[in-house]
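A quick write-up on the structure given underneath.
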Amino acid sequence: MTIIDEDRDARLAEAVALRTAGEPEQARQLLVVLSAEFPADAEVAYQTAWVHDVLGLEVEAVPFYERALAGQGLSGDDKRGALLGYGSTLRGLGRYPEAVEVFRRGIVEFPEDNALRTFCAMALYNVGEHHDAMRTLLEVLAATSSDPGIQRYRRAIEHYATDLDAVE
């Protein structure tokens, strides 16, 4: 590792620590500088997007998410987080079709991630795909709920999730 890499790593760690300690504006200032110095660094871009989201600066977060997801080097957890954050940001900005596309990409890469599936369901609702939204939510509910009533009727919920219009 070179001195430049060590410096980048230390500054990135400092920014992440500031964000997690409740100092997002200070973290943002460090990350914007790092992003300018390392424009192709996916990890720096992701952390920069994240801190903009934390501050409610969704519009500013978008290009950083795009850089993060276009680059290489994100860990699996960071890529999952970037897809969730980017899709959620797009949805929050009213860019629903794009959000659905991002969430679907995330679900292909991380099919077991129920947060991605749940946020996708919300975006599906926003684009008028109510059947798919409801199906997704029912599948997640049946698979993850520890509620005794849900578990008692899990098979029925899973069955109806595939065809809500089914008549027995």
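The values are calculated or read from the model by the stated rules, or taken from the named source; none is laboratory data. The structure displayed is predicted, hence computed values, not measured ones. Counting neighbours? That spans all protein chains shown, and the Cβs are built from the backbone with ideal geometry, glycine included.
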task: Could you check ALA61 against (1) out of contact with any Asp or Glu (no Cβ under 8 Å at 6 or more places or on another chain); (2) modelled with pLDDT of 95 or more; (3) closer than 24 Å to ALA99 by Cα; (4) of a type in the set (A, V, I, L, M) and say which number it fails?
output: (1)
task: Mind counting the residues in segment 81-106 that are crowded, with 18+ Cβ neighbours inside 10 Å and farther than 16 Å from PRO63 by Cα?
output: 4
Which listed residue, of LEU90, LEU74, is outside any helix (DSSP H, G or I) and touching a helix residue (DSSP H, G or I) at 6+ places or on another chain (Cβ under 6 Å): LEU74
- prompt: Condition test on VAL33, is it surrounded by 18 or more Cβ atoms within 10 Å (Cβ to Cβ) and either modelled with pLDDT of 95 or more or not in a loop (DSSP other than H, G, I, E, B) (or both)?
  reply: no
- prompt: Are any residues in segment 98-125 outside any helix (DSSP H, G or I), under 14 Å from LEU141 (Cα atoms) and either in contact with a His (Cβ under 9 Å, 6 or more places away or on another chain) or at pLDDT 95 or above (or both), and if so, which ones?
  reply: ASP113
message: Between ALA40, ALA45, which is among the small types (Gly, Ala, Ser) and not in a loop (DSSP other than H, G, I, E, B)?
response: ALA45
message: Looking at the structure I just gave you, is GLY87 under 26 Å from PHE110 (Cβ atoms) and modelled with pLDDT under 95?
response: no
- line: With the first residue restricted to segment 18-44 and required to be farther than 20 Å from GLY81 by Cβ, and the second required to be of a type outside the set (Lys, Arg), Cβ contacts under 6 Å at 6 or more apart or on different chains are GLN26/LEU18
task: Could you grab me the full set of residues in segment 58-80 that are among the basic types (Lys, Arg) and either under 13 Å from SER35 (Cα atoms) or surrounded by fewer than 17 Cβ atoms within 10 Å (Cβ to Cβ) (or both)?
output: ARG67
query: For residues in segment 116-139 being of a type in the set (A, V, I, L, M) and surrounded by fewer than 17 Cβ atoms within 10 Å (Cβ to Cβ), which is nearest to ARG105 (Cα to Cα)?
result: VAL127
task: Scan segment 120-146 for residues that are closer than 11 Å to VAL100 by Cβ and either touching an Asp or Glu at 6+ places or on another chain (Cβ under 6 Å) or among the basic types (Lys, Arg) (or both) and report the count.
output: 1
